[in-house]
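The values are calculated or read from the model by the stated rules, or taken from the named source; none is laboratory data. Computed from a predicted model, the values in this text were never measured in an experiment. Cβ: placed from backbone, ideal geometry, glycine included. Neighbour counts: every protein chain shown. Surface accessibility is based on the protein's heavy atoms, side chains included, excluding ligands, DNA and RNA. Shrake-Rupley method; radii C 1.70, N 1.55, O 1.52, S 1.80 Å.
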Amino acid sequence: IMSMMRDGFAFEPMIRFLANVLENHSNRAVQELYTFLENKNLPITEDGCFLAYKAVTSDYKDKWSHQIDNSVGQTVSMQRRKVNDNCGIGCSDGLHCGALEYVEGYRSEHSGDRVVIVKVNPKDAVSVPNDEQFTKMRVCKYEVVSIYEGDLTKVLYTEDGTPVTVGGRSDDNPFDEGPS
């Protein structure tokens, strides 16, 4: 955060992100969250949440029960205590989202499956199963913010999934130290 401030990048979203992380009551979930986000370079939103991908059916229902509506604008949630928090167990109870490589692994283009972008508050992160090389996450709540139209390549996005340009530097990565 200090480096971002010094280099003129928008640091306020990172402060909001930290505040949201501090609301997560599970130390293990927080540590797994950092591993997940660092590993897959998923972006932060201005309100301190992060964006991830989710595969859904052609009619925007979840791929497991075909009952949960994942249309843009929907907020999906379940009781946190019903989400499996054991990272050693791969497939289990919870709402799932992940990196694009994970989502592409179980999306069926033949069936017309779609990919949506979901926004997750760090306080709702529960577990990052290690069976998928830290590419998926179980959460207790997410909001569907947009339909996938291309990889999330920027560092900062608005709450609705639109890339943020700060002082004309949207292509710059504040975490890139440059050539060494």
**Report entry** Separation in nanometres of the label points that stand 7 Å from Cα toward Cβ, at D131 and E104
**Finding:** 2.2 nm
Query raised in the report: Cα extents of the chain along the three principal axes, largest first, in whole Å?
Result: 48, 34, 31
Report task. At 1.4 Å probe size, with no ligands or nucleic acids counted, give the accessible surface of R28 in Å², nearest ten. Result -> 110 Å²
Query raised in the report: Out of K40, K82, K141, any idea which swings most in a Gaussian network model of the chain, alpha carbons joined below 10 Å?
Result: K82
Report summary line: Scalar couplings 3J(HN,Hα) for segment 75-83 by Karplus 6.51 cos²θ - 1.76 cosθ + 1.60 (θ = phi - 60°), nearest whole Hz, x for Gly and Pro, are 10, 10, 8, 8, 4, 4, 5, 8, 8
Requested in this report: Compute the distance in nm between two label points, each set 7 Å from the Cα along the Cα-to-Cβ direction, one at D7 and one at N84.
Outcome: 3.9 nm
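For the chain, what is the mean residue ellipticity at 222 nm derived from helices alone (per DSSP H run of n ≥ 4: -39500 (n - 2.57); sum divided by total residues; nearest 500 deg cm²/dmol)?
Helices in the chain give a 222 nm mean residue ellipticity of -5500 deg cm²/dmol.
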Query raised in the report: Carbon and sulfur atoms: what percent of the 1.4 Å accessible area of segment 1-93 do they account for?
Result: 50 percent
**Report entry** Approximate spin-label separation S77-T57, in nm, with each point projected 7 Å along Cα-to-Cβ
**Finding:** 2.5 nm
Requested in this report: Amide H neighbours of I147 under 5 Å, at least 5 residues apart or on other chains, H built in the peptide plane: list them.
Outcome: I117
Query raised in the report: With springs only between Cα atoms under 10 Å, which of L51, L22, L95 fluctuates most in a Gaussian network model of the chain?
Result: L22
Query raised in the report: Considering the dipole of the chain built from charges on the beta carbon (Lys and Arg +1, Asp and Glu -1) around the Cα centre, which of V116, G90, S58 is farthest to its positive end?
Result: G90
Query raised in the report: Say we join alpha carbon atoms closer than 10 Å with springs in a Gaussian network model of the chain; which of F11, F36, F134 then has the biggest fluctuation?
Result: F11
